[in-house]
Amino acid sequence: MLDAGPLTQRRLALAGLAGNIGIVITGGAVRLTGSGLGCPTWPKCTEDSYTTTAAMGINGAVEFGNRLLTFVLGAIAVLLVLAAWRHPRLRALSVILLLGIPGQGVVGGITVLTDLNPYVVGLHFLLSTVMIAGSYALWQRTVPRPEAVPGAVRLRGLTWALTAASAVVVVIGVIVTGSGPHAGDDKARRTGLNPEMISQLHVDAVFLMLGLAVACWFAARAVPSPAMARASAILLAVSLAQGAIGFVQYFTHLPAVLVGFHMAGACAVWVATLGVVWATGFDAPGAAGSAPSATRPETDRTLVTVR
């Protein structure tokens, strides 16, 4: 096992989080460039080759490039498991995340073998959000954190409601995607649902989430909990920017570039939502049911809390 200190663990955990977000963005590029079947089979790229060929053109290169990034993410996950092995608070979650990578690869393979079935494609994205959440939790566990603030702890139920609303926004957003253009290939089928109806439902869920984010900000200022107020303000700013992109892309008939930014924005909103939850002291030393951090040095008084 690696004799890794807290700083190495934090860097690897952050790399894992960035990698899981990055693979969502590159996966979106595969779909938006029509490269979803650039490699028409799985696990091989063609019937005769595991790699793309010149005859498959740019679509094959884009799809195969996305597959290669899975191995990069896997390498980071292996290093993280080795670095976290001696720390019980990190070990189990790092192993789960490592196992999730080949699991995601299998789901990705099924999307190809089912000719980009929109429901399987949607599941592929939703599993990525679970991986992002797990990676964020692991990163937070490597960060030295203060004792939980009692007032903020009482707001934890509100933040879980916010998280549920954010998850609903993501799920409906996936359904919107499955009913619209940019299927990843001209021959890929769509869900057949009414895009306008699903889009309106998506907007309604967004307003619910924004309302809960505003409530979190006011509640955090009343407690007071500066960390939670700051995290709520960040979420509001990110959500408003994401909403602006969403409205522009809708009224400009979904140009691929804006759709790509909207996918990246969805990851940013999800991470910002998780930041509000952790700002209540969730899983911190002194929080209900939590144990002291195994990675927090007893003698190091100079570390600064990262949120």
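In whole angstrom, how long is each semi-axis of the equivalent ellipsoid of the chain, when you take the square root of 5 times every eigenvalue of its Cα gyration tensor and sort them from largest down? Kindly include the intermediate steps, with their values, before the conclusion.
Working: eigenvalues 245, 142, 35 Å².
Largest first, the chain gives 35, 27, 13 Å.
Any chance you could run the full-extension gain for A264 through A161? It's 0.36 nm times the residue separation minus the Cα-Cα distance, nm to one decimal.
On the way: separation 103, 0.36 × 103 = 37.08 nm, distance 2.30 nm.
Additional length available on full extension: 34.8 nm.
Hey, what angle do you get for helix 226-251 against the long axis of the chain, alpha-carbon based, 0 to 90 degrees rounded to 10?
Value to nearest ten degrees: 20.
Of the trypsin sites (Lys or Arg not before Pro) in region 130-159, which ones lie in a loop per DSSP and count no more than 13 other C-beta atoms within 10 Å?
Numbers: sites: R141, R154, R156; in loops: R154.
Counting only loop positions with at most 13 other Cβ atoms within 10 Å, the trypsin sites (Lys or Arg not before Pro) in region 130-159 are R154.
Distance between Cα centroids, region 170-191 to region 1-62: provide it in whole Å.
Using only Cα atoms, the two centres lie 20 Å from each other.
In whole Hz, what ³J(HN,Hα) sequence does region 29-35 give by Karplus (6.51, -1.76, 1.60; θ = phi - 60°), x for Gly and Pro?
Those phi angles translate into 5, 4, 5, 6, 9, x, 9 Hz.
In whole percent, how big is the carbon plus sulfur part of the accessible area of the chain, probe 1.4 Å, protein atoms only?
Here it works out to 70 percent.
In region 25-102, if every C-alpha pair distance is counted and binned at 5 Å from zero, what percent goes to each bin?
Histogram of Cα-Cα distances, whole percents per bin: 3, 16, 20, 16, 13, 11, 9, 7, 3, 1.
Taking 0.36 nm per residue of sequence separation and subtracting the Cα-Cα distance, how much length would be gained by fully extending the chain between R221 and L113, in nm to one decimal? Working shown, then result.
Details: separation 108, 0.36 × 108 = 38.88 nm, distance 5.11 nm.
Result for the pair: 33.8 nm of gain on full extension.
Only four residue types carry charge here, +1 at the Cβ of Lys and Arg and -1 at the Cβ of Asp and Glu. Report the dipole size of region 22-118 about the Cα centre in Debye, rounded to the nearest 20. Numbers along the way, then the final one.
On the way: 6 positive and 4 negative charges, 115 e Å.
Computed charge dipole of region 22-118: roughly 560 debye.
If the elastic network links every pair of Cα atoms under 10 Å, which of V106, V277, V143 fluctuates the most in the Gaussian network model of the chain?
Of V106, V277, V143, the most mobile in the Gaussian network model is V106.
For region 224-266 and region 196-217, write down the distance between their C-alpha centroids in whole Å.
A separation of 12 Å, based on Cα centres.
In whole percent, what relative contact order does region 74-226 give with Cα contacts below 8 Å and a gap of six or more residues? Mind dumping the intermediate values first?
Values: 114 pairs, mean separation 37.9, N = 153.
It comes to 25 percent, rounded to a whole number.
Quickly estimate the mean residue ellipticity at 222 nm for the chain, helices only: each DSSP H run with n ≥ 4 gives -39500 (n - 2.57), and the total goes over all residues, rounded to 500.
Details: 9 runs with 211 residues, N = 307.
After summing the helix terms and dividing by the residues of the chain, the value is -24000 deg cm²/dmol.
Over the chain, with the other protein chains present, what is the accessible area per residue in square angstrom, probe 1.4 angstrom? Before the final figure, lay out the partial values.
On the way: 14970 Å² over 307 residues.
I get 49 Å² per residue for the chain.
The values are calculated or read from the model by the stated rules, or taken from the named source; none is laboratory data. In this text the structure is predicted, and so the values were computed from the model without any measurement. Reconstructed Cβ throughout: ideal geometry from the backbone, glycine too, with neighbour counts over all protein chains shown. What goes into the accessible areas is simple: the full protein's heavy atoms, side chains included, and nothing from ligands, DNA or RNA. Shrake-Rupley method; radii C 1.70, N 1.55, O 1.52, S 1.80 Å.
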